[in-house]
1. I'm checking my understanding of the structure. Among residues of region 404-420 that are assigned to a helix (DSSP H, G or I) and surrounded by fewer than 17 Cβ atoms within 10 Å (Cβ to Cβ), which one is farthest from the ligand (Cβ to nearest atom)?
2. Could you check, for region 415-425, whether at least one of its residues is within 37 Å of the chain's Cα centre (by Cα), within 30 Å of residue 273 (Cα to Cα) and touching a residue at least 12 places away in the same chain (Cβ under 8 Å)?
3. Does region 300-323 include one or more residues that are assigned to a helix (DSSP H, G or I), within 12 Å of the ligand (Cβ to nearest atom) and not β-branched (Val, Ile, Thr)?
4. Report the residue count in region 130-160 for those that are aromatic (Phe, Trp, Tyr) and either loosely packed, with under 14 Cβ neighbours inside 10 Å or under 19 Å from residue 189 (Cα atoms) (or both).
5. Only residues in region 311-333 that are assigned by TED's automatic domain parsing to the domain that holds residue 209 count as the first member; pair them with residues that are acidic (Asp, Glu) and away from the ligand (no atom under 13 Å from the Cβ), Cβ under 6 angstrom, at least 6 apart or cross-chain, and list the lot.
6. Which residue pairs have Cβ atoms under 8 Å apart, sit 6 or more places apart or on different chains, and have a first residue in region 290-304 that is under 13 Å from residue 382 (Cβ atoms) and a second that is more than 8 Å from the ligand (Cβ to nearest atom) and outside any loop (DSSP other than H, G, I, E, B)?
7. Confirm whether residue 328 is more than 30 Å from residue 260 (Cβ to Cβ) and either within 9 Å of the ligand (Cβ to nearest atom) or buried (at least 18 other Cβ atoms within 10 Å of the Cβ) (or both).
8. Kindly indicate whether any position in region 334-352 is modelled with pLDDT under 95, in a helix (DSSP H, G or I) and within 31 Å of the chain's Cα centre (by Cα).
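The values are calculated or read from the model by the stated rules, or taken from the named source; none is laboratory data. None of the values given here were measured: they were computed from a predicted structure. Positions of Cβ are backbone-derived with ideal geometry, glycine not excepted, and every protein chain shown enters the neighbour counts.
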Amino acid sequence: MKVSDLRGILQYVPRFRERIFVVAIDGEIVASPNFANILLDLAVLRSLSIKVILVHGAAAQITQLASERGLAISNADGTGITDEATLKVSLEAVTNVMNEIMQGLTAVDLRAAYSNAIIAHPAGILGGVDFLHTGRVERVDTKSLHLFLNEGITPLIPPIGYDGEGKTFRVNSDAVALEVAEAMQAMKILFLSASDGVVVDGELIGQLSITEAEEFVKKKRAALDGGLLSKLDHAARACRLGVPRVHLLNGLHDEALLSEVFSQEGIGTMVYSNEYQQIRRVFKKDVRAIMTLIRQSVDSEELVKRTRADIVAHLEDYWVLEIDRNLVGCVALHIHPEQEIAELACLYVHKNHEGQGYGRKLMTFAEQLAAEKGMKQVLALSTQAFNYFQQKGGYTEVTPDVLPPERRKKYDAGARNSKVMVKAVSPGAKPPASGSP
Ligand SMILES: CC(C)(COP(=O)(O)OP(=O)(O)OC[C@H]1O[C@@H](n2cnc3c(N)ncnc32)[C@H](O)[C@@H]1OP(=O)(O)O)[C@@H](O)C(=O)NCCC(=O)NCCS
């Protein structure tokens, strides 16, 4: 772990604090050697004041227990018919899984409680077939879950529901995760299964909008195995119901959970209900990406050439705009305190994202930041976007005489002959909150 990794994590902490993550773990993952690492990752989430609700499946354990007993079961994952014998073996397997998880949570010092928060009703007769002890989630007892969470207790929810008459139903854990996330207004669902996420022609698809996920479920279902198809379907539905992000991760992969939550790359497939945008500070690890981003504009002389060392030397002046973890724009603000002038520089928006107001967003951000720092004016120098600054930003062209002496020297030494524009900014204006979802 590098210091820069820790700094990278820091930007997420205020956004995630006190928010609810539903972590849905397949039975197969509970039985895997990587489960111990997942428990540690859960402890990390809890230590950052993220409220975790654990939902677990048990299909692998049900199938195994049934085979050990020589029993033919009617269904393992809670989506088909659950006959009497299947319910019995399912309850035993679920209890074993619960016990295993409880042991693990205790080992990482997490307080947890098994919860009967899923109120279910019978799935009923579908297509003329009675699904017997298979249930559907009728409602989630959010009050009890909030009570646990507020006391720092992690609720553990089995793929079992109960009705008001004390009857027990087998429910599907993907559906439980969805219902719990919706009812608890969770920020995320993290599905941990044995699949890598959505992979097409050997390539992992990192992100899908709701409509893309729905299209996938409708048209390309043959490309997905049954478990992943169900998760993608539930992910899209959860997003439609207001859960902002659902992640499909390979729980056999060490660090899957933390990499997905706290890094820009992520390792699974994320389904999102809206684009996540933020303007954030730049870290050293971003410098290479910024240089790649602006390279084309530097080549066409729209932007002045900057070396890596130039950017690193003024790292705190640079800001980037991210959309769903992708770097799509940047801006720098160089302060000249004596003249109470700030220079807005290196404004760039990736070609694929032009014309959507991101340039103005970055420009406004920089201007408000300048005002907050007590500057009276913002300068912009441009060879090809001076019309943009004038027409879209309300800047006025002036002579290079307004440049602070040091800046003027550089201007005269260069051969760019940029137009100089200026805009008054009002003190007291607050910068837009960076890092907000
Ligand atoms: C200039 C730039 C930042 C605009 O980004 P953007 O996100 O596309 O801008 P917005 O979406 O806020 O605004 C788009 C509008 O500006 C106009 N516009 C874009 N570039 C322009 C330019 N060079 N001159 C005049 N108008 C321009 C568009 O036609 C569009 O007009 P409309 O709203 O009437 O349709 C982007 O084109 C860019 O990165 N250019 C190369 C780098 C550069 O020159 N930077 C400025 C020097 S610091």
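1. 405
2. no
3. If we filter region 300-323 for residues that are assigned to a helix (DSSP H, G or I), which is where we start, we get 308-313, 315-317.
Subsequent filtering for residues that are within 12 Å of the ligand (Cβ to nearest atom) retains none.
No, that holds for no residue.
4. First, the residues of region 130-160 that are aromatic (Phe, Trp, Tyr): 131, 148.
Then drop every residue that is not either loosely packed, with under 14 Cβ neighbours inside 10 Å or under 19 Å from residue 189 (Cα atoms) (or both), which leaves 148.
Within region 130-160, residues that are aromatic (Phe, Trp, Tyr) and either loosely packed, with under 14 Cβ neighbours inside 10 Å or under 19 Å from residue 189 (Cα atoms) (or both) number 1.
5. Filtered contacts from region 311-333: no entries.
6. 304/298
7. no
8. Scanning region 334-352, I find at least one residue that is modelled with pLDDT under 95, in a helix (DSSP H, G or I) and within 31 Å of the chain's Cα centre (by Cα), so the answer is yes.
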